[in-house]
Every structure is written in C-alpha cells, then in structure tokens.
Amino acid sequence: MARKKTALKKSGAAKKGKTAKPKKSTGSRKKFQTVRGMRDILPQEQPYWQRVRKAVEKVANDYGYQRIDLPLVEYRQLFERGAGATTDIVEKEIFKFKTRGGDDVALRPEGTPSAVRAYLQHGMQTLPKPVKLFYIGPMYRFDRPQEGRYREFFQFGFEAIGEGDSILDAQIIQLALRIFHVLKIKKVSLQINSIGCKECRPSYNKLLVSYLKNCRSSLCMNCKQRLKKNPLRILDCKEEKCARVIKQAPQTIDHLCDDCKNHFTSLLECLDEIQVPYVLNSYLVRGLDYYSRTVFEFFVESKETQSQAALGGGGRYDYLVKLLGGSDTPAVGFAMGMDRLVAQMKEQKVEAFEPPTPRVYLAQLGDLAKKKSLRIFDELERSGIQVAESFGRGNLRSQLKQADRLKAPIVLIIGQREALDETVILKDMASGSQEVITFAKIVKEVKKRVKRL
Ligand code: AMP
C-alpha cells in the first residue's frame, strides 16, 4: 500500500529496521506524534517553501494582487453553500466541529469561499473592479493520506473578483505560469475546458444524465450516487470502469450557448496570442459546484510516481458572490498546492532559496566577553550587518571552525583582556591577518571590509 511505504520511508525508526507502528500510550511517558495526514515542515525544508512564498509575493505584486489573510476556521455553511453540499470536499472531507458556544464551524478546505466572504463582509464591492486578492496558508481535507496528499496541506490562491471578460481568465493563467517559471518548474501542461453557464448547462446536464443512466451498471458506487446528486462530477472520476463510460459521454463543449462559446473562443485566442500551449480536455469539470464557464488545471509529469500530478487549478465562478449574499459579480481564480510544488522543485533539482551568509562571526572567551558580545551583536545587527555567533560555546577553536563552516569572511574575537579594554581582534578569514580595534570602531571597520568583498 502506497501510504504504508511512504510512512516507512520517512520514519527514522524504519531506517533502523524497527517497526514504525505508533506505540501504545504509556501514560505520562507517551511520545507524541503528528496527527495522521499532518506533518512538520522541518528547517531543512524551509528554503524551498521560502522560495515558493517569495515567488508568489513577487508575481502577485507584478500583477497587482493584494494579500489577504483569512481565518482557518469559518462557519461550516460557508463551504456547504460555497463549494456545494454534495461535493466530496464538503460531504466527505471537511473537518467540522461545534465550538463551545455551539457554532457549527469547519477548518477551511479551500480559500475561495472565504475570499468571497471577506470581499462581501468588508464592502469591497465599492472598490474599482476587478478586486485582486491572493492568500497563502494551510487547508484541511479529511482525505486518505498518501504520497503528495495530506490532511493538512498548503495552498496559495489568486482571485480576481468583478470582471467577466475572458482576458482576465487568460491573464490569471499567464500569472500561474509565471510562478512556475520563476520557480524553474518545467514540463507543466495546462488543461482547459468550458462547462457553460446557467443558460446552457441544464440542457447539457439532462443529456448527460440520460446517457449515464443507460450505462448505470458500468459506473462505480460513488458515481451511481453522483448520478442523482451531481452528475457533472462523474466526468472527473478516475475509476477505470467509469473512464470507459466517460469516453463516450456527450461533451460540455459541444453544448455551450453562444455567449459561452464566444467567451471560450476569445480565451483560447488570448492564450494563442501569448503563446501558451494548452490541451483541450472536454471532460475537465473540477470538483466544486461553483465553477462556471472556464475551468483549467495544471499538471506535471512526475517521474517519482510515474504519473501526472495535479499542481493546481481554477476557473470562473460567476455565481458565487451572489450565492453568498452579494450582487451578480463575475469572478475568476485558481489555487495551487505548495506541497506538490516543493516536491516538484526537489524532483527537478531546482535550487532552493539560500539565506544570506553571515558577514561577521562573533567569537568570545570568558564570561565578561560573552556579555560584551551581546552588546556588539546588537550594534552590528542594527547596522544591517548579518552576524552569526554561538554564545553557548566557550572553546575558541570550535567557534572558529563554526565561522569557517558558515563561510563568514570576518571573525571578531573577544577574550577576557579585550573585554576589559573594550577592544576586539578582527580576523580576516581569507588572508588570516588580524588587528585590534576598539569597540567604537567595530561597525565602521566591518562595513568598510564588507564593502570590499
Ligand atoms: P483543488 O482545489 O482540489 O484542485 O486543489 C488545488 C491543488 O491543491 C491541487 O492541484 C494540489 O496540488 C493541492 N492539493 C489539493 N488537495 C491536496 C492534499 N490533500 N494534499 C496536498 N495537496 C493538495
């Protein structure tokens, strides 16, 4: 089972040949583990995540999107009404609970309903359109954990609210691709479709249901249920037996009204204009009820899993603002899975963001020198100089080794005598030369030398 393999691969216990089974509680000596499907993102992973966040912030700024931070907890109804009560996300995957005050709430499974809720709650309707927002943060879905699928995972999302023109759809796709480019993630493919609007979708739905009813016995159990509640979702089913049925099903694209057809055509023309290749996938519907017209998804060929991994996707949601209590307001957006982006960066051996190396290392010997070092550290840091230290260590040799390991070009050494004289020994690590300078001149001297590097 893929899930077990992953757990074994990652656990230190497994490497040592021990069983990875969680131990039974032994009262106060119990060693806690993360909750199933959730994980720590350790310091050595952080450079990748930092790089993703930086890319998102840069591109958001370039395209005029403003950051919004949304709560992790929202009223459950927001997602039921927003994403759709019969969608997998809401029906099977939502983390829901009652607060002590009796409110029905949920951990957010995605960001779009919250963004629209915030748009309405804070009167953003009065702002010039489109209102462009982006968010970054954890999402929660009670799905079966496996490689690349967690119960707590991270997404960033972009939402442009208030504009129906297909140029916005093209621009948001361009923006998403720009993020892949900045992150140097290659071999991303774009799949795209139009699922119509409230004018043309009902008649398509009827056609689809009548086709699927005839093939009911060939559908999986889930899709048999979907046939009653949410037939469009059947087109998204990954079961092999359903895939055979879907292949012959009527396609949304052949049943669009003239407005939807024109909207989609003009979007494809925009993509051609900016030379964005796409694959038309007439069975792409995405998992949420709120989509209308354009839907799209980004995939990457994963060597590790020998399959196409979905990195993110989105589309138009022209009815969601009204559904959540606002006026008729078209909108378009997408969300991307950060966990999968990081996995791809590693698979494609993209360099992670490197934090700046320290310019100065502070080495100290003795109690008084330690105290003085604290003061010098503060002065250097306030002057914008990156300083490293290991105040806990007393051994000079080990401190110099550490300075070398961190590649600090300058080391300031303070011993008992220097501390009393208020001086430091400035050591140039490249040449090995040393000179004594007074406390008062440290910042000036260091700045002078750092400039020369
Ligand atoms: P969705 O809104 O479901 O299409 O999700 C957008 C993206 O979020 C997906 O393409 C994935 O990259 C990521 N994602 C969704 N669910 C999970 C999960 N359970 N674990 C990790 N990433 C996820």
*Could you check how many residues of the stretch 292-325 are aromatic (Phe, Trp, Tyr), outside any strand (DSSP E or B) and open to solvent by less than 10 Å² (accessible area, probe 1.4 Å)?*
1
_Looking at 142, 134, 153, can you tell me which residue is within 12 Å of the ligand (Cβ to nearest atom) and either part of a strand (DSSP E or B) or small (Gly, Ala, Ser) (or both)?_
153
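So, in the stretch 410-426, exactly how many residues are surrounded by 21 or more Cβ atoms within 10 Å (Cβ to Cβ) and within 18 Å of residue 366 (Cβ to Cβ)?
Qualifying residue count, the stretch 410-426: 7.
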*asked:* I'm checking my understanding of the structure. Among residues of the stretch 377-393 that are open to solvent by less than 50 Å² (accessible area, probe 1.4 Å) and over 17 Å from residue 450 (Cα atoms), which one is farthest from the chain's Cα centre (by Cα)?
replied: 391
_Single match in 166, 217 (criterion: among the small types (Gly, Ala, Ser) and more than 30 Å from residue 258 (Cβ to Cβ))_ = 217
*Are any of the residues in the stretch 186-200 in a helix (DSSP H, G or I) and modelled with pLDDT of 95 or more?*
no
*Go through the residues of the stretch 262-277 one by one and say whether even a single one is buried (at least 16 other Cβ atoms within 10 Å of the Cβ) and within 28 Å of residue 93 (Cα to Cα).*
no
_Among the listed residues 328, 289, identify the single one that is closer than 19 Å to residue 202 by Cβ, open to solvent by 20 Å² or more (accessible area, probe 1.4 Å) and within 16 Å of the ligand (Cβ to nearest atom)._
289
*Find the strands (runs of 3 or more DSSP E) located wholly in the stretch 28-115 whose residues include 2 or more that are in contact (Cβ under 8 Å) with a residue 24 or more places away in the chain, within 16 Å of the ligand (Cβ to nearest atom) and farther than 18 Å from residue 158 by Cα, and list them.*
104-107
*asked:* Checking the condition within 16 Å of the ligand (Cβ to nearest atom) and in contact (Cβ under 8 Å) with a residue 60 or more places away in the chain, which residue from 296, 264 passes?
replied: 296
*Can you tell me which residues in the stretch 301-314 are within 19 Å of the chain's Cα centre (by Cα) and more than 10 Å from the ligand (Cβ to nearest atom)?*
301, 302, 308
_If I go through the stretch 406-444 residue by residue, how many of them are of a type in the set (Gly, Ala, Ser) and not in a loop (DSSP other than H, G, I, E, B)?_
2
_Cβ-Cβ distance below 8 Å, separation of 6 or more or different chains: which pairs start in the stretch 139-153 with a residue that is assigned by TED's automatic domain parsing to the domain that holds residue 335 and within 12 Å of residue 39 (Cα to Cα) and end on one that is near the ligand (Cβ under 8 Å from one of its atoms) and open to solvent by 60 Å² or more (accessible area, probe 1.4 Å)?_
148/340
*Extreme residue, nearest to residue 294 (Cα to Cα), among residues of the stretch 331-356 that are of a type in the set (A, V, I, L, M, F, W, C), away from the ligand (no atom under 14 Å from the Cβ) and out of contact with any Gly (no Cβ under 9 Å at 6 or more places or on another chain)*: 350
*Considering only the stretch 97-129, how many residues are open to solvent by less than 70 Å² (accessible area, probe 1.4 Å) and of a type in the set (Phe, Trp, Tyr)?*
1
_Residues that are over 17 Å from residue 423 (Cα atoms) and crowded, with 18+ Cβ neighbours inside 10 Å, drawn from the stretch 355-376_ = 358, 359
*asked:* Step by step: first the residues of the stretch 357-373, then only those that are of a type outside the set (Lys, Arg) and assigned to a loop (DSSP other than H, G, I, E, B), then the one that is nearest to the ligand (Cβ to nearest atom). Which residue is that?
replied: 357
*Say we look at the stretch 212-251 and pick out the residues that are closer than 12 Å to residue 87 by Cα and either among the basic types (Lys, Arg) or surrounded by fewer than 14 Cβ atoms within 10 Å (Cβ to Cβ) (or both); which of these is modelled with the lowest pLDDT?*
229
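The values are calculated or read from the model by the stated rules, or taken from the named source; none is laboratory data. Small disclaimer: the values here were computed from a predicted structure and weren't measured. Here the Cβ is made from the backbone with ideal geometry for all residues, glycine too, and neighbour counts use every protein chain on show. Surface accessibility is based on the protein's heavy atoms, side chains included, excluding ligands, DNA and RNA. Shrake-Rupley method; radii C 1.70, N 1.55, O 1.52, S 1.80 Å.
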